[in-house]
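Report on the following structure.
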Amino acid sequence: MNIVTGAFGFVGSHLAEFLLSRGEDVAALSHPVPPENNYRYLASNPEARRLRVVLADVRSLDALKLLFRSLKPEVVYHLAALASHRLSLDNPYPYLETNITTVLNVLEAARVTEPSPRIIFSSSSSVYGDNSPPLREDMKPMPKGPYALSKSIGEELCMHYNKTYGVDCVVVRYFNVVGERCRSNIVLRIFADRIVKGEDVEVYGRIVDGVFKPAVRDFTYVGDVVKGTVLAAERGRAGEVYNIGYGRPVSVLNIAYFLMKHIGRETGVVYKELKPHEALESYCDNSKAREELGWKPEVDVEETVKRYVRWYMSELAPR
């Protein structure tokens, strides 16, 4: 049995589907009023008979203890979180309170459950802060902003519970996950919404030596991220961190042009300044995941955009 927290969310729903497709039993744990609700994709999965939906708040330790004792999961994939590096700056408390409390509760419930499940904690590339890319797991985290801080503290809690109590925990650091069902605050959705309406696209970056440089990110297809996450559960070493990212820089401006190309509509581009806590360039060295997990990304950025546009035009675009 696998438990996926945040199972109705963007990455969580893809992960739950992937596990179902492999013939595994999945308990899809979601808040009763989730910020995103991709349940219909899970319900229509051919292996939906293996799905068990659990509506509960991960902020409740008692609820998690009861769930772990009753289901006796082998693996718990903890993906539930408030996720926005940018939005957390203006509203820090819920990001810190929710993201830290939920990982603490998952770890404590695992500690007091026999047999104790393996925990896979989804962290974020944002913990690297001002480190210079390519970003490696052995770099000291330098989180800037509440969301990044909450993920860094979550990692520290994982390491503490592993070293002190023997809880089997592996951390995966996601890099700019994109693809079908991505949240409304992710760049593909933001850009696509503007392009279909004929509105200018806002590309963030910085002026460097008098020239505007668009932000560079390590956009990684959600299907590849899911496979890396499952491989971390199968092959990852307890107490270790693995970068799950494509491993190459892509300009946000190029993402805008790819979307215009595949939507079939050109719009203007407006350049805007990044916030101080946002890095200009972020991309990973994924050699550790390649070597230890046997993982490698397969879907390149333009193919990712094509798949997203196909989904977006059928599901979200104005008729």
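Checking the condition without any contact (Cβ under 8 Å) to a residue 12 or more places away in the chain and hydrophobic (A, V, I, L, M, F, W, C), which residue from LEU89, LEU66 passes?
Selected residue: LEU66, the only one of LEU89, LEU66 that is without any contact (Cβ under 8 Å) to a residue 12 or more places away in the chain and hydrophobic (A, V, I, L, M, F, W, C).
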Pairs where the first residue, in region 142-159, is at positive phi and the second is in a helix (DSSP H, G or I) and modelled with pLDDT of 95 or more, C-beta under 9 Å, 6+ apart
GLY145/PRO92; GLY145/TYR95; GLY145/SER126
Give all pairs with beta carbons closer than 7 Å in which a residue from region 33-56 that is in the same structural domain as LEU20 (by TED's automatic domain parsing) meets a residue that is assigned to a helix (DSSP H, G or I) and hydroxyl-bearing (Ser, Thr, Tyr); count only pairs at least 6 apart in sequence or on separate chains.
ASN38/SER13; TYR41/SER13; LEU42/SER13; GLU47/SER21
Are any of the residues in region 94-108 touching a helix residue (DSSP H, G or I) at 6+ places or on another chain (Cβ under 7 Å), buried (at least 19 other Cβ atoms within 10 Å of the Cβ) and within 24 Å of GLY205 (Cβ to Cβ)?
no
If we scan region 212-233, do we find a residue that is closer than 18 Å to VAL170 by Cα, assigned by TED's automatic domain parsing to the domain that holds ILE120, surrounded by fewer than 16 Cβ atoms within 10 Å (Cβ to Cβ) and in contact (Cβ under 8 Å) with a residue 60 or more places away in the chain?
no
I'd like to check something: does region 157-166 contain any residue that is at pLDDT 95 or above, more than 30 Å from VAL250 (Cβ to Cβ) and not in a helix (DSSP H, G or I)?
yes
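The values are calculated or read from the model by the stated rules, or taken from the named source; none is laboratory data. All values derive from a computational prediction rather than experimental measurement. When we count neighbours, we look across all protein chains shown, and the Cβ atoms used for this are built from the backbone with ideal geometry, even at glycine.
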